[in-house]
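Undergrad: Can you read through this structure? Questions will come right after.
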Amino acid sequence: MKTRILDGKEVAQAIKEEVAAEIQKLAQENLVPGLATVLVGANPASQLYVRSKTRTCKELGMHSEAIQLSSQTTTEELLQVIDRLNQADEIDAILVQLPLPDQIDEERILLAVRPDKDVDGFHPQNVGHLVSGKVGLAPCTPMGIMYLLKREGVILKGAEAVVVGRSNLVGKPLAFLLLHQHATVTLCHSRTRDLPAVCRRADILVAAVGQPALLTRDYLKEGVVIIDVGTNRVESVEEGIRLFGKDSERIARIQAKGYTLVGDVHPRDPIGVAKAVTPVPGGVGPLTIAHLMKNTVTACTMRRGGK
Ligand code: NAP
């Protein structure tokens, strides 16, 4: 079987073009969607994500405010920042970059974000909307994946969808979104019995686990569509050779950069077996940021009444 590699960058570009058109419409009503990102501490990976989000906002002509707070910030101090952003009319979407340092009560923070500015869809009100199938703000990675599946014409109605990983950020919301599109959904986790057998039932297999190359050939049915959410670092050349082969350009990348990324699905096993697969990197990652922009525009339209 010929396996299609699903290019996340191309799909992200399509999302951004839709967002740009919506931004133009809002501009006719003098509305500029605004995203605030709040980062506590100096985690380099989080700084990279936040920079890339701010850059994308600028590219699209959106307003953005990047707030960087010290790693010593207390829950009360962060609550004050959230309160200001909740009240700022030019801010439509508030993104608190996770994880937060240990001294901060994450639940209190996520509850404090106004539900209509909760761009990650974490507030119980938005979770409720998602579960009951109402329109609202839902987490960006699952929304990006749904966009990709639709664009690729993957039939969801009646399909067996297996989602591995039950996080509030990816697995659980995605399971509901697939269910609302009439897929038969199985949600797996670390206690699932005989995971390979469950995965082999899948017409659509989503891996959101955080374990490098966990899903190997034994987990795949012929013709499956694979969405690999995992982003794991491979730092050793030996491990790189085992996963990618000794002739892969990834080996040079490990030697030059100190690491390369691998998904939760083995990078070579789907080829010739799966109908389609998202690569890592360049698959789900770009969709997440593009959908953050889309959610910001949705939040602006819902709250400030763009037509
Ligand atoms: P998470 O909160 O750590 O959850 C991991 C899930 O995987 C848990 O439900 C856990 O089960 C399950 N799990 C762990 N080991 C397992 C095993 N051996 N067999 C079956 N299930 C297992 O992870 P997350 O936040 O959803 O992220 C998952 C991965 O996606 C990570 O690599 C993350 O970096 C990546 N990610 C990428 C993007 C993107 O935009 N590309 C966005 C978000 C996340 P239990 O619940 O039983 O512990």
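What follows is calculated from the coordinates using simple rules that are stated; it is not laboratory data. Every value quoted in this text rests on a predicted model; they were computed, and no experiment measured them. Quick reminder, even Gly has a Cβ in these numbers, built from the backbone with ideal geometry, and neighbours come from all protein chains shown.
Undergrad: For region 121-207, what class follows from the C-alpha gyration tensor (a ≥ b ≥ c being the square roots of its eigenvalues): rounded when a/c is under 1.5, otherwise prolate if a/b is larger than b/c, else oblate? Intermediate values should be presented prior to the final figure.
TA: On the way: a/c = 2.03, a/b = 1.32, b/c = 1.54.
Oblate, because a/c is 1.5 or more while a/b does not exceed b/c.
Undergrad: Tilt of helix 44-59 relative to the longest C-alpha principal axis of the chain, in degrees (0 to 90, nearest 10)?
TA: 70 degrees
Undergrad: What order do you get for 253, 4 when you list them from fewest to most C-beta neighbours inside 10 Å?
TA: Values: 253 16, 4 12.
Going from least to most buried by this count: 4, 253.
Undergrad: Same structure, new question: Once you place label points 7 Å from the Cα toward the Cβ at residue 51 and residue 102, how far apart are they in nm?
TA: Computed distance between label sites residue 51 and residue 102 equals 2.8 nm.
Undergrad: Can you check what the net charge comes to around residue 83, using other residues whose Cβ is under 13 Å from the Cβ of residue 83 (Lys, Arg +1; Asp, Glu -1)? Walk me through the numbers on the way to the answer.
TA: Numbers: positive: 84, 108, 114, 117; negative: 76, 77.
Computed value for this residue: +2.
Undergrad: Using the Cα centre as the reference, give the magnitude of the dipole from point charges on the C-beta atoms of region 30-117 (Lys, Arg: +1; Asp, Glu: -1; all else neutral), rounded to the nearest 20 debye.
TA: Values: 8 positive and 13 negative charges, 81 e Å.
Roughly 380 debye, rounded to the nearest 20.
Undergrad: Mind sorting 90, 29 by how few other Cβ atoms lie within 10 Å of their own Cβ, fewest first?
TA: On the way: 90 14, 29 11.
In order of increasing Cβ crowding within 10 Å: 29, 90.
Undergrad: Hey, another quick one. Between residue 21 and residue 259, what length in nm is gained on full extension when 0.36 nm per residue of separation is reduced by their alpha carbon distance? It would help to have the intermediate numbers written out before the result.
TA: Working: separation 238, 0.36 × 238 = 85.68 nm, distance 3.76 nm.
Gain in length upon complete extension: 81.9 nm.
Undergrad: Here's something else I'd like to know. Of 278, 186, 141, how do they rank once you tally other Cβ atoms within 10 Å and put the fewest first? Could the numbers behind the result be given before it?
TA: Numbers: 278 28, 186 16, 141 25.
With the sparsest Cβ surroundings first, the list reads 186, 141, 278.
Undergrad: Would you tally the net charge around residue 168, using a Cβ to Cβ cut-off of less than 15 Å, leaving residue 168 out, and scoring K and R as +1, D and E as -1? Kindly include the intermediate steps, with their values, before the conclusion.
TA: Working: positive: 166, 172; negative: 106, 107, 118, 120.
Summing Lys and Arg as +1 and Asp and Glu as -1 gives -2.
Undergrad: Taking the chain as the reference, fit the longest principal axis to its C-alpha atoms, fit the long axis of helix 171-180 to the helix C-alpha atoms, and give the angle between the two in degrees, 0 to 90, nearest 10.
TA: Around 90 degrees separate the two axes.
Undergrad: Then there is this: Any chance you could give the angle, 0 to 90 degrees and rounded to 10, that helix 284-304 forms with the longest Cα principal axis of the chain?
TA: Tilt of helix 284-304: around 30 degrees.
Undergrad: Going by the alpha-carbon gyration tensor, a ≥ b ≥ c the square roots of its eigenvalues, is region 30-117 rounded (a/c under 1.5) or, if a/c is not under 1.5, prolate (a/b greater than b/c) versus oblate? If you can, show how the numbers build up before the last one.
TA: On the way: a/c = 2.39, a/b = 1.29, b/c = 1.85.
Oblate.
Undergrad: Can you give me the long-range amide H partners of residue 184? Hydrogens built in the peptide plane at 1.01 Å from N, cutoff under 5 Å, separation of 5 or more residues or another chain.
TA: 158, 159, 160, 161
Undergrad: Also: How much mean residue ellipticity at 222 nm does the chain get from its helices, if each DSSP H run of length 4 or more adds -39500 (n - 2.57) and you divide by all residues, to the nearest 500 deg cm²/dmol? Don't skip to the answer; put the middle values down first.
TA: Values: 11 runs with 130 residues, N = 307.
Result for the chain, helices only: -13000 deg cm²/dmol.
Undergrad: 7 Å from Cα along Cα→Cβ at both residue 221 and residue 242: what's the point-to-point distance in nm?
TA: Between residue 221 and residue 242, the label points sit 3.0 nm apart.
Undergrad: Here's something else I'd like to know. Amide H of residue 64: which non-local residues (sequence gap of 5 or more, or other chain) have their own amide H closer than 5 Å, using H built in the peptide plane?
TA: So residue 64 has HN proximity to 35.
Undergrad: Taking amide H positions as placed in the peptide plane 1.01 Å from N, state which residues far from residue 282 in sequence (5 or more) or on other chains have amide H under 5 Å from it.
TA: none
Undergrad: Find how many whole Å separate the alpha carbon centroid of region 92-161 from the alpha carbon centroid of region 13-71.
TA: Comparing the Cα centres of region 13-71 and region 92-161, I get a distance of 17 Å.
Undergrad: Using a ≥ b ≥ c from the Cα gyration tensor of region 77-170 (square roots of the eigenvalues), is it rounded, prolate or oblate, where a/c under 1.5 gives rounded and otherwise the larger of a/b and b/c decides, a/b for prolate?
TA: Note, shape of region 77-170 comes out prolate.
Undergrad: For every other residue with a beta carbon closer than 9 angstrom to the beta carbon of residue 202, add +1 if it is Lys or Arg and -1 if Asp or Glu, then tell me the sum. Provide the component values of the computation, followed by the final result.
TA: On the way: positive: 200, 201, 221; negative: 160, 203.
Net local charge, residue 202 excluded: +1.
Undergrad: Please list, in order along region 269-275, the HN-Hα scalar couplings obtained from phi with the Karplus expression 6.51 cos²θ - 1.76 cosθ + 1.60 (θ = phi - 60°), rounded to whole Hz, x for Gly and Pro.
TA: Working through the residues one at a time gives 4, x, 5, x, 10, 7, 6 Hz.
Undergrad: When the chain is fully extended, how far beyond the present Cα-Cα distance does residue 28 get from residue 77, taking 0.36 nm per residue of separation?
TA: On the way: separation 49, 0.36 × 49 = 17.64 nm, distance 3.71 nm.
Going from the current span to full extension adds 13.9 nm.
Undergrad: I need the phi-derived Karplus couplings for region 181-190: 6.51 cos²θ - 1.76 cosθ + 1.60, θ = phi - 60°, integer Hz, Gly and Pro marked x.
TA: After applying 6.51 cos²θ - 1.76 cosθ + 1.60, I find 8, 6, 6, 8, 9, 10, 10, 9, 7, 5 Hz.
Undergrad: Determine which residues of region 257-293 fall in the zone a paramagnetic label at residue 151 would reach in this model, i.e. backbone nitrogen under 14 Å from the point 7 Å along Cα→Cβ.
TA: Residues 278-279, 282-293 fall inside that zone.
Undergrad: Let me ask something additional. Give the Rg (one decimal place) followed by the Dmax (whole number) of the chain, computed from C-alpha coordinates and expressed in Å.
TA: 19.8, 57
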